[in-house]
Amino acid sequence: MVTLLIRRLGPTAALAVLVLAACAEQASEPVIPTVETRAMEAPVRILIDAVTRNLESNRHSADAWGRLGRVYHAHELYAPAITCYTQAMRLDAGDFQWPYLAAHAAADIDKGAAVAFFEQARALAPGNPTVLVAQGDLLRQLGRSDAAREAFLAALEADEQSSFARVGLARVALVEGDLPRARSLLERAAELAPTDGGIYPLLTRVHAQLGETELAARAEWLAKVHDAPLARRDPTLDAMRGLATNSHALAAAGTTLAERGELLAAEAQFRKVLAIRPGTPLD
């Protein structure tokens, strides 16, 4: 259509047509979400500005949109992160990590949207136990026990050694009053992950409700010995968290690493915090 108009019009009019066409194309491009950065710590401002500039020259790149989304997400700027992830999904509809990350970001501000994003991620990665357990956890929190159970069972089918899937199933069984099943699942989870402090308070409760006094006392003692729950290993979330440059996010990442027992990596994160804010309560 534009070519035909150019042939029929003179040079000046043709140039006007091309300019208008270019403007229309520019106007159709999605708007890059921005945030006020003046009050942020210097490393965060520098990072957001650099990644935004990169996206401005790579608007058709899913990775460029996804990187800005991850940067926003790592600094708990969930709404602009979701906007970026949505554009990454549009440009690369086959990559599960964009709806998966969007689901985690949305879980803090819009759980209904998070459910939909998890469904998209699962459709793209149906055998990924990390996606399935995270989906099950959200559904359980929303009181959707049947859907949560199905997600945890799918995770267990994908990875029969998953202690996290068993703990999720045990929580569902507890809600439904199936104490023997909850006990069996938690005991097996404890065999698979004996240092996971998230297991033993639940096991104490189950044994107590079943009248198993000695076993309840032992589980209670183990809860004191292993008082920190293990965090799931999640490469996609870890890559996002690794982009954090503000003291709060770095401290949170360090805490997560410490909960996994990765003490050297945790120490490195906490040292970054002290480099930004020496002598604060974070130390």
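The values are calculated or read from the model by the stated rules, or taken from the named source; none is laboratory data. These figures come from a predicted structure and were not determined experimentally. Don't worry about glycine lacking a Cβ; one is built from the backbone with ideal geometry, like all the others, and counts go over all protein chains shown.
Below are the figures for this structure:
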| item | result |
| --- | --- |
| Some residue of segment 194-215 being free of Cβ contacts under 8 Å to residues at least 60 places away in the same chain and within 20 Å of the chain's Cα centre (by Cα) | yes |
| Options T245, T213; residue that is β-branched (V, I, T) and crowded, with 16+ Cβ neighbours inside 10 Å | T245 |
| Enumerated helices (runs of 4 or more DSSP H) restricted to segment 46-162, each holding at least 1 residues that are in contact (Cβ under 8 Å) with a residue 60 or more places away in the chain and crowded, with 20+ Cβ neighbours inside 10 Å | 62-74, 97-106, 129-141 |
| Check on E267, in contact (Cβ under 8 Å) with a residue 12 or more places away in the chain, out of contact with any Cys (no Cβ under 9 Å at 6 or more places or on another chain), exposed (fewer than 14 other Cβ atoms within 10 Å of the Cβ) and among the acidic types (D, E) | yes |
| Residues of segment 41-79 classified as of a type in the set (D, E, K, R) and within 13 Å of the chain's Cα centre (by Cα), total | 2 |
| All helices (runs of 4 or more DSSP H) inside segment 166-283 with 3 or more residues being modelled with pLDDT under 95 and hydrophobic (A, V, I, L, M, F, W, C) | 247-260, 263-276 |
| Selection count, segment 182-193, where residues are over 25 Å from L257 (Cβ atoms) and either among the polar types (S, T, N, Q) or free of Cβ contacts under 8 Å to residues at least 12 places away in the same chain (or both) | 1 |
| Subset of segment 4-28 [at pLDDT 50 or above and either in a helix (DSSP H, G or I) or in the same structural domain as T86 (by TED's automatic domain parsing) (or both)] | S28 |
